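What follows is one structure encoded as structure tokens, with my remarks underneath.
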Amino acid sequence: MAKQHHNPKPQPKAQPEPQPASPQPAPASAPAQDSGFDALWERFTVEANFSQDILDAEAEVIREEIARLEARIEDKRKELDAIVRREKTARDMLTMMLTAGFSHDAILSAMKVEFRAKKAARKDKEPEVNDDDKQSVLDVLDREGQPLQEIVKASGREAKDVQRVLLALVSEGKVVTQGEKRARIYMLA
């Protein structure tokens, strides 16, 4: 008598739980009447500078950062789509040139010129410059202009850090430069 194998039904895959759009504050629980909650809460909010306005401002900063990240993601998706389109165009052109009877060497030469791949950007990007760094350099600058070494000496910061901040300020239009390389001076715009 042959053994019969029992094939169990495949189990359905567990669906991931949907993530909430944004966390909601926990509902306030009602304190006991005689606990002194209200007085203690008031003292806490004043002494710790803990207010709804501050919490709202912090939340707004995070929302703005999320919006910037989402915009950046969208830009990267567009770049990715362009790469995919470029590959399809290259494949179509190769097919067309083969059909037209061009030699393999001629096709490769033309394709290399037309579709040279872009080198990937370096991943070790400079850290962002914060507002305090910018302000510390702006405080040192004047409208007459100063060379990098004077700015470094007056700010008490590393030369590479000052250069990074100056580049950011120039790109924002807050600082302008005059001269080339070692003779370059930086001044307030």
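Here the Karplus curve 6.51 cos²θ - 1.76 cosθ + 1.60, taken at θ = phi - 60°, turns the phi angles of the stretch 57-70 into couplings of 5, 4, 5, 5, 4, 5, 4, 5, 5, 4, 4, 4, 5, 5 Hz, with x standing for Gly and Pro.
For an R0 of 30 angstrom, estimate the FRET efficiency from the Cβ-Cβ distance between K174 and D75 and round to the nearest 0.05.
Calculated value: 0.75.
The length gained by stretching the chain between Q146 and A90 to full extension, at 0.36 nm per residue less their Cα-Cα distance, is 15.0 nm.
Backbone amide hydrogens, once placed in the peptide plane, bring K174 within less than 5 Å of nothing, excluding anything fewer than 5 places away on its chain.
Between rounded, prolate and oblate, where does the stretch 132-188 land on the alpha carbon gyration tensor, with a ≥ b ≥ c its root eigenvalues, rounded for a/c under 1.5, else prolate if a/b exceeds b/c? The shape class here is rounded. Binning the alpha carbon pair distances of the stretch 73-117 at 5 angstrom intervals from zero yields the distribution 5, 22, 25, 18, 12, 8, 6, 3, 1, expressed in whole percent. Among the listed pairs K88/K181; K76/K160; K76/K134; K112/K174, those whose Cα-Cα separation exceeds 32 Å are K88/K181; K112/K174. Evaluating 6.51 cos²θ - 1.76 cosθ + 1.60 at θ = phi - 60° for every residue in the stretch 73-86, the Karplus couplings come out as 4, 4, 4, 5, 5, 5, 4, 5, 4, 5, 5, 5, 5, 5 Hz, glycine and proline recorded as x.
Readers should treat all values here as calculations from the given coordinates under stated rules, not as data from a laboratory. From a predicted model like this one, the values you see are computed outputs, not experimental measurements. Note that each Cβ is placed from the backbone with ideal geometry, even for glycine, and that neighbours are counted across all protein chains shown.
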